[in-house]
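Enquirer: Quick one: this structure, given as structure tokens, is what I'll be asking you about.
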Amino acid sequence: MCRVLIFGGTAEGRILAEYCHEKAINAWVSVATGYGREVLLESKYLHIHESPMDAHEMERFIEQNGITLVFDATHPYAILASENIRSACERAGVSCNRVVRESSQGPEPENRQEGKVLWVSDLEEAVHALHTIPGNLLVTTGSKELSAFTSLDSWEERVYARVLPSLSVISACEQMGFKGKHLIGMQGPFTAELNRAMIRQYNISCLVTKEAGAAGGFPEKMEAAAECGITAVVIGRPGKEEGITVRDAKKLLSDYKETDLCQAMQKPRKQPEKRKVFLMGTGMGGEDQMTVRAWKELKQCQVIFGAERMLSGISPGISHAVKVPFYTGRDILPWLEEHREFTRIGILYSGDTGFYSGAKKMAEALMAEPQGQMYDLEVLPGISSVSYLCSRLKTSWEDVELVSLHGRTWDIVKELTLYSRVFALLDKTNTVKSLCCTLKEQGFNKARLSVGERLSYPDERITVGTPEELEELEFDILSVVLIER
């Protein structure tokens, strides 16, 4: 099935979008502003993306939406946007068609000044020429380049800017200093009659414009300037463009509506290189608690995430990597999105990645769409707290029931009635003291508790006793306990 993407915000983009609606062709239309969205009709066949995108974002958008055909119908002067679109399509392996705006008839390059029309090559040359032209100026080149005209003498009184009437554009122009009657918010293209009226209303002596073709109302501007006997400074197009006309684009869309043609003409897709992510269990403490494989991979990571305690434990051994004290997906994923230069990523978790670890949710987030297409995930297990504690107690844990009271609720008494040995993770609410009280109240007075604190660290402590013996003692908030009845 053919899936079309139109980069618009222009008359050509709007025309192609309307054609897709008429022919029931599903199309995504990308516009940079809210105003670009407003001029598009509502249609179940049109999906509007209202936000500027760089080349990487364009490539990702194309891949995520399964786009097979792209039309670059951006403004003739939007050179950077067109380059980004071309680059994104090339990397994504899809067909890109530049829709060119037909040029209005103008003087040849060697005849740059003809009567009262002065043709210049760029904005800088236009502003330079305006320093020698007296009187009021009507600038119709767009809001993004208005700041260049503030270098002119008495520009606040002389320059009248005609821009799009959107709130964001008006606000940006006012911040530059264009206010009141000097800021004209109107949507074109305009008739020659309206252009003449504005020239006379504001006593304009020079009209500044781009050679934007018939779709941009260029012939009507030139006609009005000539009839009013004023100078027109025209910024020529950046260069001769190669591409197809709107009529050609419609023909191509009509052909692409057939699925077999769409598939036949689609370029082979280049699979994007995935970023390698390791979820690593660090065991109870520093590098000596990690597996040899985990430590080897960690040393090759460019960025490492984890709680500050874990990051400080590995810092002396790995000085080159960037350390970021994040350990949840809601923090890590946005950071990675903003820093796409990192391709080998390590995320540290205490204990073992498979035992009540944050690694589970992180793995789910990384493998979900659209992240699943961007990341190559590998999980490297570590030494769990139950394994470590039982080894220190010189006992096995093959018959131990595993539960977590860390941020959870659990009927520990029920577990003890079913199993003779239960291991639990504790927290600041479910403490050793509260556990001992519960066990005493439910008749487990003779149960044997082995409490582990700061396991593997120099100040490690393992305390063994009955609920009554341990009830009044102080223990670390993040303790673990093996209960045996």
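The values are calculated or read from the model by the stated rules, or taken from the named source; none is laboratory data. Note that the structure is predicted; figures quoted are calculated from it, not measured. Note: ideal-geometry Cβ built from the backbone for every residue, glycine included; neighbour counts use all protein chains shown.
Enquirer: Listed residues Ala232, Ala224; which is of a type in the set (Gly, Ala, Ser), touching a helix residue (DSSP H, G or I) at 6+ places or on another chain (Cβ under 6 Å) and either within 25 Å of Leu16 (Cα to Cα) or not in a helix (DSSP H, G or I) (or both)?
Expert: Residue meeting the stated conditions: Ala232.
Enquirer: Continuing with the same structure: Within the stretch 1-32, restricting attention to residues that are without any contact (Cβ under 8 Å) to a residue 60 or more places away in the chain and in a helix (DSSP H, G or I), which residue is nearest to Ala214 (Cα to Cα)?
Expert: Arg14
Enquirer: Next question, about the same structure. Is it true that Thr431 is more than 14 Å from Thr466 (Cα to Cα) and not hydrophobic (A, V, I, L, M, F, W, C)? Let's see the steps before the verdict.
Expert: Numbers: more than 14 Å from Thr466 (Cα to Cα): yes; not hydrophobic (A, V, I, L, M, F, W, C): yes.
When the stated conditions are applied, Thr431 passes them.
Enquirer: Report yes if some residue within the stretch 422-431 is within 44 Å of the chain's Cα centre (by Cα) and more than 17 Å from Tyr356 (Cβ to Cβ); otherwise report no.
Expert: yes
Enquirer: Here is a further query. Would you point out the residue of the stretch 59-85, among those that are in a helix (DSSP H, G or I) and in contact with a strand residue (DSSP E or B) (Cβ under 6 Å, 6 or more places away or on another chain), that is modelled with the highest pLDDT? Reasoning before the result, please.
Expert: Our first condition is that a residue be in a helix (DSSP H, G or I); within the stretch 59-85, this holds for 59-64, 79-85.
Of the ones still in play, those that are also in contact with a strand residue (DSSP E or B) (Cβ under 6 Å, 6 or more places away or on another chain) are 82, 85.
On the way: Ser82: 88, Ile85: 92.
Selected residue: Ile85.
Enquirer: Restricting to the stretch 1-51, and then to whatever is more than 22 Å from the chain's Cα centre (by Cα) and among the acidic types (Asp, Glu), can you tell me which residue is nearest to Arg86 (Cα to Cα)?
Expert: Result: Glu12.
Enquirer: If you check every pair at least six apart or on different chains, which have Cβ atoms under 7 Å apart with a residue in the stretch 49-68 that is farther than 13 Å from Val94 by Cβ first and a residue that is surrounded by fewer than 21 Cβ atoms within 10 Å (Cβ to Cβ) and polar (S, T, N, Q) second?
Expert: Within 7 Å, the pairs are Ala55/Ser87.
Enquirer: Pick from the stretch 181-209 the residues that are closer than 16 Å to Pro219 by Cα and in a loop (DSSP other than H, G, I, E, B): which of them is modelled with the highest pLDDT?
Expert: Thr191
Enquirer: Moving to a separate point now. Taking Thr150 as meeting all but one of (1) among the polar types (S, T, N, Q); (2) closer than 21 Å to Ile199 by Cβ; (3) at pLDDT 90 or above, write down the number of the exception.
Expert: For Thr150, the exception is condition (2).
Enquirer: With the checklist (1) buried (at least 16 other Cβ atoms within 10 Å of the Cβ); (2) modelled with pLDDT under 90; (3) farther than 30 Å from Ser87 by Cβ in hand, flag the one item Leu252 doesn't pass.
Expert: (3)
Enquirer: State the number of residues belonging to the stretch 147-171 that are crowded, with 17+ Cβ neighbours inside 10 Å, of a type outside the set (D, E, K, R), more than 17 Å from Gln187 (Cβ to Cβ) and touching a strand residue (DSSP E or B) at 6+ places or on another chain (Cβ under 8 Å).
Expert: Final tally of qualifying residues: 2.
Enquirer: Show the residue pairs that are 6+ apart or on different chains and have beta-carbon atoms under 7 Å apart, the first residue being within the stretch 457-477 and outside any loop (DSSP other than H, G, I, E, B), the second being of a type in the set (S, T, N, Q).
Expert: Close Cβ pairs satisfying both conditions: Ile462/Ser450; Val464/Ser450; Pro467/Asn445; Glu468/Asn445; Leu470/Thr463.
Enquirer: Against the definition (farther than 24 Å from Ile79 by Cα and surrounded by 19 or more Cβ atoms within 10 Å (Cβ to Cβ)), how does Thr231 come out, yes or no? Explain how you work it out, then say what you get.
Expert: Working: farther than 24 Å from Ile79 by Cα: yes; surrounded by 19 or more Cβ atoms within 10 Å (Cβ to Cβ): yes.
Criteria met by Thr231.
Enquirer: Working only within the stretch 440-457, note down all residues that are more than 22 Å from Asp352 (Cβ to Cβ) and not aliphatic (A, V, I, L, M).
Expert: Lys440, Glu441, Gln442, Gly443, Phe444, Asn445, Lys446, Arg448
Enquirer: So which residues in the stretch 255-278 are modelled with pLDDT under 55 and of a type in the set (Ser, Thr, Tyr)?
Expert: Passing the criteria: only Thr259.
Enquirer: Separate question: Within the stretch 395-423, take every residue that is in contact with a strand residue (DSSP E or B) (Cβ under 8 Å, 6 or more places away or on another chain) and of a type in the set (D, E, K, R) and give me the one that is surrounded by the most Cβ atoms within 10 Å (Cβ to Cβ).
Expert: Arg421
Enquirer: With respect to the numbered conditions (1) touching a strand residue (DSSP E or B) at 6+ places or on another chain (Cβ under 8 Å); (2) over 25 Å from Leu425 (Cβ atoms), which one is the sole condition not fulfilled by Glu337?
Expert: Going through (1) touching a strand residue (DSSP E or B) at 6+ places or on another chain (Cβ under 8 Å); (2) over 25 Å from Leu425 (Cβ atoms) one by one, Glu337 breaks only (1).
Enquirer: If I ask for residues that are among the hydroxyl-bearing types (Ser, Thr, Tyr) and either farther than 24 Å from Arg37 by Cβ or outside any helix (DSSP H, G or I) (or both), which ones from the stretch 166-180 would you list?
Expert: Ser166
Enquirer: Tally time: how many residues in the stretch 280-330 are under 28 Å from Glu453 (Cβ atoms) and not in a strand (DSSP E or B)?
Expert: Qualifying residue count for the region: 30.
Enquirer: Out of Gly351, Gly329, which single residue is modelled with pLDDT of 85 or more, surrounded by 18 or more Cβ atoms within 10 Å (Cβ to Cβ), more than 19 Å from Ser384 (Cβ to Cβ) and small (Gly, Ala, Ser)?
Expert: Going through Gly351, Gly329 in turn, just one is modelled with pLDDT of 85 or more, surrounded by 18 or more Cβ atoms within 10 Å (Cβ to Cβ), more than 19 Å from Ser384 (Cβ to Cβ) and small (Gly, Ala, Ser): Gly329.
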